Amino acid sequence: MIDSHCHLEMFEEEISEVLKRAYDAGISTIITISSDIASIDEIMKITEQYPMVYATVGIHPHDVKELNSEVLKKLFELSRHPKVVGIGEIGLDYHYEHSPKEVQREAFALQLKLARDIGLPVVIHSREAFDDTIKILKE
């Protein structure tokens with residue numbers, strides 16, 4: 001089995017124990033999903049330390065107000081890492097609106113373009129934003 005969406009960086013010192021329990025339960029691969037700039041570096045350390053862990057890199061809609069050309073460049077560079085298997089968690093979240101809707105839409109489109117250009121799948125977060133999510137995906 002593969003756990004296709006978790007956030008291992010949230011477990012801090014418990015990661016080894018979490019991975020052992022997952023392995024004992026029959027999970028052979030885990031994909032840990034980044035959500036903000038700070039989590040990306042931690043996730044990459046985890047993937048390099050544990051053979052069963054892979055990652056996605058991206059900025060969650062809550063934090064896309066931090067997205068700029070430097071961060072996009074970092075996402076592009078990390079996307080070439082052999083243990084990065086996708087771009088995410090990206091998308092739209094109109095429930096909390098930690099980032100303005102327009103900023104979310106622009107960041108979602110930029111990160112989708114990055115994923116398309118490098119040929120990686122995406123992990124999409126969409127909350128109370130279905131119509132805009134589909135519209136941007138179609139574009």
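The values are calculated or read from the model by the stated rules, or taken from the named source; none is laboratory data. The structure displayed is predicted, hence computed values, not measured ones. Here Cβ is always computed from backbone atoms with ideal geometry, including for glycine, and neighbour counts include all displayed protein chains. Note: areas computed on protein heavy atoms with side chains; ligands, DNA, RNA excluded. Shrake-Rupley method; radii C 1.70, N 1.55, O 1.52, S 1.80 Å.
Based on Cβ point charges of +1 for Lys and Arg and -1 for Asp and Glu, what charge dipole magnitude is obtained for region 1-44 about its Cα centre, in debye rounded to the nearest 20? Show your work: numbers first, answer last.
Details: 2 positive and 10 negative charges, 58 e Å.
For this selection, approximately 280 debye.
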Per principal axis, descending, Cα span of region 1-75 in whole Å
41, 23, 20
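Pop out the Kirkwood hydrodynamic radius of the chain from its pairwise C-alpha distances, inverse of mean 1/r, in Å to one decimal.
By the Kirkwood definition, the hydrodynamic radius is 15.2 Å.
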For the peptides 12-20, 71-79, what is the packing order when you average, over each peptide's residues, the other Cβ atoms within 10 Å and list the highest mean first?
71-79, 12-20
Site Tyr94, offset 7 angstrom along Cα→Cβ, radius 11 Å on amide nitrogen, limited to region 116-139, gives 127-135
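For region 79-139, what does the accessible surface come to per residue with a 1.4 Å probe? Please give it in Å².
On the way: 3470 Å² over 61 residues.
For region 79-139, the solvent-accessible area averages 57 Å² per residue.
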Placing +1 on the Cβ of each Lys and Arg and -1 on the Cβ of each Asp and Glu in the chain, which of Ser79, Thr47, Ala22 has its Cα farthest towards the positive end of the resulting dipole?
Ser79
Asserting the computed 222 nm helical MRE of the chain (DSSP H runs at least 4 long, -39500 (n - 2.57) per run, divided by residue count, to nearest 500) equals -13500 deg cm²/dmol
Of all accessible heavy-atom area on region 7-105, the percent that carbon and sulfur account for (1.4 Å)
53 percent
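Roughly how big is region 46-105's charge dipole about its Cα centre, with Cβ charges of +1 (Lys, Arg) and -1 (Asp, Glu), in debye to the nearest 20? Walk me through the numbers on the way to the answer.
Numbers: 7 positive and 9 negative charges, 42 e Å.
Using Cβ point charges on Lys, Arg, Asp and Glu, region 46-105 gives about 200 debye.
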Amide H of His5: which non-local residues (sequence gap of 5 or more, or other chain) have their own amide H closer than 5 Å, using H built in the peptide plane?
Ile31
Quick one: net charge around Val64, please, counting Lys, Arg +1 and Asp, Glu -1 for every other residue with C-beta under 10 Å from its C-beta.
-3
Using the Cα centre of region 55-139 as the reference point, and only Cβ charges (+1 on K/R, -1 on D/E), how large is the resulting charge dipole? Debye, rounded to the nearest 20.
360 debye
Using each residue's phi in region 118-131, evaluate 6.51 cos²θ - 1.76 cosθ + 1.60 at θ = phi - 60° and report the 3J(HN,Hα) Karplus result to the nearest Hz, with x for Gly and Pro.
9, x, 10, x, 10, 10, 9, 9, 9, 10, 6, 9, 4, 4
